[in-house]
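Working notes for the structure below.
The values are calculated or read from the model by the stated rules, or taken from the named source; none is laboratory data. Everything numeric in this text was worked out from a predicted model, so none of it was measured. Heads up, the Cβs are rebuilt from the backbone with ideal geometry, glycines too, and the neighbour counts pull from every protein chain shown. Please note that ligands, DNA and RNA were not included when accessible areas were found on the heavy atoms of the full protein model with its side chains. Shrake-Rupley method; radii C 1.70, N 1.55, O 1.52, S 1.80 Å.
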Amino acid sequence: MVDSGYPNRLGYLAPYRGTNYHLRDRRRPGGDPRKERFNYRHSSLCNVVERTFRIWKSRFQILRGMPHYTVRTQRDIIIACAVLHNFIKMFAEDADVFNNGVEQQEDGGDDQDVDPAPEQQNLEAMAMGDLRDYIRDTIWVSEN
């Protein structure tokens with residue numbers, strides 16, 4: 001999930017541009033109500049994700065500064081932290097014992113991220129747009 005400044009691309013789902021997004025915006029008339037509802041749900045989910053990352057950053061120091069890692073390595077670190085966080089919540093009687101662990105060694109990694117060709121990016125944008133429309137319609141049907 002990304003904000004409206006990003007294009008739809010494989011793995012990136014942006015809200016509809018030019019459509020109400022936040023709750024206070026929903027009071028303005030006009031626009032496609034299905035797109036507005038999707039954007040409202042997108043906004044709500046973004047808030048949950050941001051709160052979750054604040055919690056994880058307070059627990060896992062490595063998440064505070066990862067820009068020198070490739071996107072693929074960052075993704076793997078985030079997944080590992082999510083799994084550890086859930087494990088701690090489920091099984092640790094005293095979760096603080098996990099906060100005093102050994103610091104992780106950082107390396108730059110050797111995997112490279114490659115941007116797809118423009119034609120591929122267009123296909124990905126169309127696929128993500130179709131997915132967004134499908135989600136929009138599913139939300140609309142389930143709530144009406």
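Is it the case, given these coordinates, that Arg26 is out of contact with any His (no Cβ under 8 Å at 6 or more places or on another chain), at pLDDT below 85 and assigned to a helix (DSSP H, G or I)?
yes
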Quiz item: Looking only at the range 62-94, which residues are of a type outside the set (Lys, Arg), open to solvent by 30 Å² or more (accessible area, probe 1.4 Å), assigned to a helix (DSSP H, G or I) and touching a residue at least 40 places away in the same chain (Cβ under 8 Å)?
Solution: Val71
Quiz item: Exactly one of (1) at pLDDT 90 or above; (2) over 30 Å from Phe38 (Cβ atoms) is unmet by Cys81. Its number?
Solution: (2)
Quiz item: Condition test on Phe38, is it assigned to a helix (DSSP H, G or I), among the aromatic types (Phe, Trp, Tyr) and touching a residue at least 24 places away in the same chain (Cβ under 8 Å)?
Solution: yes
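Per-residue answers, yes or no, for (1) part of a helix (DSSP H, G or I); (2) within 24 Å of the chain's Cα centre (by Cα); (3) modelled with pLDDT of 90 or more:
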position: Phe98; (1), (2), (3): yes, no, no
position: Val102; (1), (2), (3): no, no, no
position: Gly108; (1), (2), (3): no, yes, no
position: Asp113; (1), (2), (3): no, yes, no
position: Asp137; (1), (2), (3): yes, yes, yes
Quiz item: For Ser4, all conditions in the list (1) in contact (Cβ under 8 Å) with a residue 24 or more places away in the chain; (2) open to solvent by less than 70 Å² (accessible area, probe 1.4 Å) hold save one; what is the number of the exception?
Solution: (1)
Exercise. Determine if the range 49-71 includes at least one residue that is out of contact with any Gly (no Cβ under 8 Å at 6 or more places or on another chain), farther than 24 Å from Gly5 by Cα and of a type in the set (Phe, Trp, Tyr).
Key: yes
